[in-house]
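Accompanying notes for the structure given below.
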Amino acid sequence: MSLVVTGLGMVSSLGWDAVSSCAAIRAGVTRPQAQQDVYVTDQDLLEPVPVMGHPVSGLTDGFGPLGRWLQLARACVDDLVATTRLPPPSDTQFWARTGLVCVLPNLDTARYLEVRDLGTSRMTASWLERLVRSLGLLSRPSKVQFVHAGHAGTAFALQLGQQWLEARQVDRVLVLAVDSYLDETSLEWLLAYRRVKTPDRPVGLMPGEAGACLLVEPLASARYRGAPVLAALGAVATGREMGAFMTGQPQLGESLSRVVMESLPDSRSWVNEGGDLICDLNGEQWRARAWGHAQVRLSPQLGERFRLVLPCVSLGDVGAASGAVGVCIAVRAFSRRYATGNQSLVVSSAEHGEVGAIQVLSTVERRP
């Protein structure tokens with residue numbers, strides 16, 4: 001079954017919509033800000049300094065984790081609805097036949113007090129109820145699933161959505177990915193694992209937050225309802241590393257190499273024509289080491305003509321939203337005709353071992 005992307009929505013520290021966010025990323029814009037909730041000690045100055053991060057200012061200020069997810073989700077869905085010809089929330093038939101896959105971070109009890117207090121099921125059910133009400137839907141979609149696979153969550157979500165569509169359980173799937181590392185407990189969790197870039201630790205991530213959503217449906221369905229086809233989805237591959245960063249094991253990138261190869265069924269066209277490889281490298285040594293090992297194995301399949309795109313340079317690490325953000329960047333590059341080739345690859349790896357790769361294909365005729 002040929003699946004296509006018919007809608008995008010995104011909110012980030014660089015813009016409250018996909019168009020402005022992706023344009024700013026292409027231009028190399030970055031807007032880090034001091035996070036006044038959590039401080040670290042600068043050993044040279046011998047004084048506390050705030051952690052630097054990439055917040056969506058004016059949208060998530062003052063909210064805890066669940067509130068931030070809700071604000072980001074509503075903003076990116078609003079962007080999708082505003083830029084895509086979709087029926088209003090009152091059209092129960094349309095939205096009842098739209099599956100919803102929510103991509104959220106791994107619910108680590110050390111990171112989220114809410115998980116300890118409510119448990120995973122009650123917490124996600126409560127958040128889903130608030131999301132449906134916030135979006136103005138009269139009832140929840142008939143098919144809803146949560147995916148907790150970190151950076152690789154969007155790849156797992158697209159595979160699940162494809163299963164629903166092939167079984168004709170839904171007519172289309174909305175993949176909604178949100179995450180924030182900027183609430184106080186998440187920042188403290190990152191600092192406890194020595195993952196944040198600080199004045200005394202030059203290698204590490206800069207925490208960020210974002211929301212991104214993708215409307216995916218079969219090509220025939222999109223044509224039937226006259227929906228714009230923004231891009232096509234090629235191969236999507238997922239896996240899990242034998243050793244995960246969170247367990248302290250070395251990162252060799254073996255499963256990462258495999259999913260990249262599986263997502264490039266015709267590697268010769270990639271080698272000959274090139275493309276954008278959108279990767280989630282974020283400044284952490286373990287992630288760079290895994291990608292370095294993978295590159296050695298993948299040298300014949302990747303060639304040398306691809307362009308490496310690193311959204312974290314502009315947005316910081318946006319966690320579980322990373323994969324969907326990467327797809328938005330790929331689709332906008334096709335739309336604006338600044339992509340390197342006719343295909344892009346979104347590559348993701350998560351701290352708990354999940355890995356994923358998504359092949360995105362252009363449906364826009366390139367200028368000669």
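Tabulated results
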{"item": "Given (1) loosely packed, with under 15 Cβ neighbours inside 10 Å; (2) in a loop (DSSP other than H, G, I, E, B), number of the condition Leu107 does not satisfy", "result": "(1)"}
{"item": "Search result, residues across segment 208-261 that are assigned by TED's automatic domain parsing to the domain that holds Val19 and among the acidic types (Asp, Glu)", "result": "Glu209, Glu217"}
{"item": "Among the candidates Thr60, Thr98, residue that is touching a helix residue (DSSP H, G or I) at 6+ places or on another chain (Cβ under 6 Å), surrounded by 14 or more Cβ atoms within 10 Å (Cβ to Cβ), assigned by TED's automatic domain parsing to the domain that holds Ser180 and touching a residue at least 60 places away in the same chain (Cβ under 8 Å)", "result": "Thr60"}
{"item": "Residue check, Leu86 among the aliphatic types (A, V, I, L, M), buried (at least 17 other Cβ atoms within 10 Å of the Cβ) and closer than 20 Å to Ala320 by Cβ", "result": "no"}
{"item": "Filter pass, Gly153 being part of a helix (DSSP H, G or I), touching a helix residue (DSSP H, G or I) at 6+ places or on another chain (Cβ under 7 Å) and at pLDDT 95 or above", "result": "yes"}
{"item": "Flag if Thr30 is touching a His at 6+ places or on another chain (Cβ under 9 Å) and either under 30 Å from Leu137 (Cα atoms) or modelled with pLDDT of 95 or more (or both)", "result": "yes"}
{"item": "Subset of segment 1-38 [of a type in the set (Ser, Thr, Tyr), over 26 Å from Pro199 (Cβ atoms) and touching a residue at least 60 places away in the same chain (Cβ under 8 Å)]", "result": "Ser2, Thr6, Ser21"}
{"item": "Residue within segment 63-76 that is in a loop (DSSP other than H, G, I, E, B) and over 19 Å from Trp189 (Cβ atoms) present", "result": "no"}
{"item": "Among the candidates Val38, Val49, residue that is out of contact with any Ser or Thr (no Cβ under 9 Å at 6 or more places or on another chain), part of a strand (DSSP E or B) and either surrounded by 13 or more Cβ atoms within 10 Å (Cβ to Cβ) or modelled with pLDDT of 90 or more (or both)", "result": "Val38"}
{"item": "So Val132, is it among the β-branched types (Val, Ile, Thr), out of contact with any helix residue (DSSP H, G or I) (no Cβ under 8 Å at 6 or more places or on another chain) and buried (at least 17 other Cβ atoms within 10 Å of the Cβ)", "result": "yes"}
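The values are calculated or read from the model by the stated rules, or taken from the named source; none is laboratory data. Since we're looking at a predicted model, the values are computed, not measured. All Cβ positions, glycine included, derive from the backbone under ideal geometry; neighbour counts span all protein chains shown.
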